[in-house]
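These notes are about the structure you will find just below.
The values are calculated or read from the model by the stated rules, or taken from the named source; none is laboratory data. Predicted, not measured: the structure shown is a model, and the values here were computed from it. Positions of Cβ are generated from backbone atoms using ideal geometry, with glycine treated the same way; all protein chains shown enter the neighbour counts. Each accessible area value is taken on the protein alone, full model and side chains, heavy atoms only, with ligands, DNA and RNA left out. Shrake-Rupley method; radii C 1.70, N 1.55, O 1.52, S 1.80 Å.
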Amino acid sequence: MFKRSGRKLLRRQPAPSDRLSAPIMKSPREVQIMREAGRIVARVHAALKMVIRPGVSTWELDQVALEVMRKYDATSAFLGYRGFPAHICTSINQELVHGIPHKDRILKEGDLISVDVGVRYRGFIGDCAWSYAVGAVSDDAAALMQVTEASLFEGIKQAKVGRRVVDISRAIQRHIEGHGLHVVREYTGHGVGRQMHEPPQVLNYVAGDADGNTVLTPGLVIAIEPMVQRGTWQTRTLRDNWTVVSKDNSLTAHFEHTVAITNNGPEILTLP
Ligand code: MG
């Protein structure tokens with residue numbers, strides 16, 4: 001089930017026969033470090049939000065992100081991961097995930113850009129993706145972003161002690177499909193900690209997978225990340241072997257937070 005371009009930053013959905021492996025629980029001390037990692041990711045996004053506008057190249061965004069990471073003694077979790085060549089992922093319009101920043105890729109008025117930021121800080125990962133409007137965007141693009149962002153928070157609402165991973169998946173899927181949009185199947189959310197991708201996988205739809213049965217308990221930290229497309233749930237990978245686009249080239253959006261399960265409810269570690 002490995003595509004030719006099987007080098008991925010996001011966790012791909014494993015074959016149904018894959019067995020459940022146990023989540024790696026974090027101590028309060030480890031969650032505290034992840035809280036700091038998450039705060040750095042949020043600062044990177046805040047800096048990017050300030051500079052995203054028509055005329056800026058995605059390479060410049062990469063440099064802004066790098067500067068903030070350095071300032072806070074963090075490093076990119078993406079650079080070099082399975083050979084990924086940049087510090088962040090920048091994916092424009094029909095590009096869903098894993099777009100590579102380039103000096104000649106210039107943002108235009110009306111673009112929708114999704115930026116995925118992962119940092120490593122004191123051995124732990126913070127992971128957050130956000131879609132941004134470049135200037136004024138179409139009503140379709142605005143609606144797609146709004147529904148995808150809202151679906152993320154519908155998922156987060158379910159991230160409570162005693163619920164199961166599938167409760168998050170169901171809430172996200174319902175929200176997105178209730179608005180006539182499509183949930184990507186091939187890429188999923190995931191546990192996160194010392195590794196960028198830990199068990200359990202966190203699907204954005206209900207599939208009856210073993211990981212969906214994982215009961216949420218304090219100390220579990222997960223990245224919840226709905227990836228949504230206007231025309232189809234299917235994707236393909238471009239010849240650069242990285243950039244994933246919607247199969248029909250329809251618009252896409254991607255929102256992600258790193259969330260800790262606590263006795264006081266979900267704690268979003270990457271909140272601005
Ligand atoms: Mg992620």
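Tell me, please, whether a residue that is modelled with pLDDT of 95 or more and at positive phi can be found in the range 197-205. So far as the range 197-205 goes, no, none of its residues is modelled with pLDDT of 95 or more and at positive phi.
How many residues are assigned to a helix (DSSP H, G or I) and open to solvent by less than 10 Å² (accessible area, probe 1.4 Å) if we restrict to the range 63-92? Result for the range 63-92: 2.
Pick from the range 36-61 the residues that are assigned to a helix (DSSP H, G or I) and open to solvent by 60 Å² or more (accessible area, probe 1.4 Å): which of them is nearest to residue 203 (Cα to Cα)?
Let us first name the residues in the range 36-61 that are assigned to a helix (DSSP H, G or I), namely 36-51, 58-61.
From what's left, open to solvent by 60 Å² or more (accessible area, probe 1.4 Å): 39, 43, 49-50, 59-60.
Details: 39: 25, 43: 27, 49: 28, 50: 31, 59: 31, 60: 32 Å.
The qualifying residue nearest to residue 203 (Cα to Cα) is 39.
Scan the range 185-197 and report the pairs whose first residue is acidic (Asp, Glu) and more than 10 Å from the ligand (Cβ to nearest atom) and whose second residue is open to solvent by 40 Å² or more (accessible area, probe 1.4 Å) and at pLDDT 95 or above, with Cβ atoms within less than 9 Å and a gap of 6+ or a chain change. If the second residue must be open to solvent by 40 Å² or more (accessible area, probe 1.4 Å) and at pLDDT 95 or above, the pairs left are 186/233; 186/234.
Test residue 76 against the criterion of being closer than 23 Å to residue 243 by Cα, within 16 Å of the ligand (Cβ to nearest atom) and of a type outside the set (D, E, K, R), and give yes or no. Answer is yes for this residue.
Residue 238 passes every criterion in (1) under 14 Å from residue 170 (Cβ atoms); (2) of a type in the set (A, V, I, L, M); (3) open to solvent by 40 Å² or more (accessible area, probe 1.4 Å) apart from (1).
Check the range 207-226 and report whether any residue there is modelled with pLDDT of 95 or more, within 20 Å of residue 131 (Cα to Cα), out of contact with any Gly (no Cβ under 7 Å at 6 or more places or on another chain) and open to solvent by 10 Å² or more (accessible area, probe 1.4 Å). For the range 207-226, residues modelled with pLDDT of 95 or more, within 20 Å of residue 131 (Cα to Cα), out of contact with any Gly (no Cβ under 7 Å at 6 or more places or on another chain) and open to solvent by 10 Å² or more (accessible area, probe 1.4 Å): absent.
If you go through the range 131-157 one residue at a time, how many are touching a residue at least 24 places away in the same chain (Cβ under 8 Å) and either within 16 Å of the ligand (Cβ to nearest atom) or not β-branched (Val, Ile, Thr) (or both)?
So the answer is 18.
Taking first residues from the range 248-261 that are modelled with pLDDT of 95 or more and partners that are within 11 Å of the ligand (Cβ to nearest atom) and among the polar types (S, T, N, Q), the Cβ contacts under 7 Å between residues at least 6 apart in sequence or on separate chains come to 257/270; 258/270. Scan the range 252-272 for residues that are over 14 Å from the mean Cα position of the chain (by Cα) and open to solvent by 40 Å² or more (accessible area, probe 1.4 Å) and the total you get is 5. Identify all residues within the range 93-120 that are within 16 Å of the ligand (Cβ to nearest atom) and either over 21 Å from residue 241 (Cα atoms) or surrounded by fewer than 21 Cβ atoms within 10 Å (Cβ to Cβ) (or both); write none if there are none. Passing the criteria: 119, 120.
On the given criteria, is residue 125 within 12 Å of the ligand (Cβ to nearest atom) and farther than 18 Å from residue 253 by Cβ?
For residue 125, the condition - within 12 Å of the ligand (Cβ to nearest atom) and farther than 18 Å from residue 253 by Cβ - is met.
Is at least one residue of the range 236-255 within 15 Å of the ligand (Cβ to nearest atom) and under 21 Å from residue 121 (Cα atoms)? Among the residues of the range 236-255, not one is within 15 Å of the ligand (Cβ to nearest atom) and under 21 Å from residue 121 (Cα atoms), which makes the answer no.
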